[in-house]
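Data first, discussion second: the structure below is written as structure tokens.
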């Protein structure tokens with residue numbers, strides 16, 4: 001990771017140096033005679049190369065020494081002073097070196113070394129400012145990327161935690177159903193175990209990703225209903241209606257099953273007369289509407305709806321997954337109704 005970061009930084013300095021050279025060369029076309037333009041552009045390559053290396057040392061090594069807590073102030077200021085010398089006398093000396101080697105074209109023959117120090121320092125100052133702006137923009141971009149990555153990792157951790165709660169809760173309730181069949185020595189116990197095995201296989205191998213096709217979610221709901229119906233006689237009425245525009249529409253796995261489970265666990269199982277579960281799923285133009293109605297025992301008093309683990313976790317998952325959704329539950333006239341609306345395009 002550190003090598004990759006260093007590589008990106010080196011590229012940043014190289015591209016910044018190239019960008020400044022292009023801007024500087026562009027300005028040369030308007031500031032000087034045509035006869036000296038090519039030589040001035042070539043000269044600037046040597047100066048900018050020197051300043052690019054110096055900027056790397058300044059921004060990545062020296063200025064880092066001033067970060068809080070600064071353990072050695074004297075050392076930090078010493079290196080900063082040395083850097084200033086390299087930006088002034090060093091730059092003029094670098095120019096003089098290439099002049100002596102016959103590569104750098106001296107366009108101002110009468111300019112002495114000492115007089116050249118302030119002249120060429122003026123060349124370096126705009127580049128330092130230019131690079132400082134680019135470096136600040138780069139830092140802000142990297143900071144936003146890091147914050148986005150942390151937010152994604154936090155969301156994934158919270159979702160995994162909620163799944164770790166929801167799946168055992170679902171399994172616990174299902175095993176209780178099988179236990180009741182086994183206790184009554186029902187011939188349906190082996191079939192219920194087989195159906196549970198099918199559901200668990202789906203949960204283990206098909207729900208590890210971020211999404212599944214809504215068709216697969218519908219299949220697991222159908223399997224769960226078949227498993228639950230083994231506990232009841234023909235008095236239980238279950239209807240499942242689906243109007244889905246695109247069966248391959250992606251959906252977070254096991255997102256809808258808590259509402260179905262809630263209808264059986266806290267509704268039908270506690271209903272004495274004419275138990276029923278009515279499920280309607282409509283998905284059109286990436287707008288999902290999921291309505292689950294189930295019978296409950298009729299009471300004379302209005303009771304406050306208490307949400308169990310399944311519904312509570314579902315709300316938390318929806319808050320992490322979508323920006324535009326609505327989940328409402330309520331009971332009236334011995335009917336408990338759950339309504340889930342999701343704008344599937346608002347997936348975070």
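Screening 193, 128, 133 for residues that are more than 30 Å from residue 83 (Cα to Cα), modelled with pLDDT of 75 or more and assigned to a helix (DSSP H, G or I) leaves exactly one candidate, 193. Of the residues 237, 200, 251, the single one that is touching a residue at least 12 places away in the same chain (Cβ under 8 Å) and either surrounded by 15 or more Cβ atoms within 10 Å (Cβ to Cβ) or not assigned by TED's automatic domain parsing to the domain that holds residue 339 (or both) is 251.
Return yes when residue 283 is within 22 Å of residue 191 (Cα to Cα) and touching a strand residue (DSSP E or B) at 6+ places or on another chain (Cβ under 9 Å) and no when it is not. Against the criterion (within 22 Å of residue 191 (Cα to Cα) and touching a strand residue (DSSP E or B) at 6+ places or on another chain (Cβ under 9 Å)), residue 283 does not qualify. Against the definition (touching a residue at least 24 places away in the same chain (Cβ under 8 Å), out of contact with any helix residue (DSSP H, G or I) (no Cβ under 6 Å at 6 or more places or on another chain) and surrounded by 15 or more Cβ atoms within 10 Å (Cβ to Cβ)), how does residue 218 come out, yes or no? Spelling it out, residue 218 is indeed touching a residue at least 24 places away in the same chain (Cβ under 8 Å), out of contact with any helix residue (DSSP H, G or I) (no Cβ under 6 Å at 6 or more places or on another chain) and surrounded by 15 or more Cβ atoms within 10 Å (Cβ to Cβ).
The values are calculated or read from the model by the stated rules, or taken from the named source; none is laboratory data. What you see is a predicted model, and the numbers here were worked out from it, not measured in a lab. Ideal geometry is used to build each Cβ from the backbone, glycine not excepted, and the neighbour counts take in all protein chains shown.
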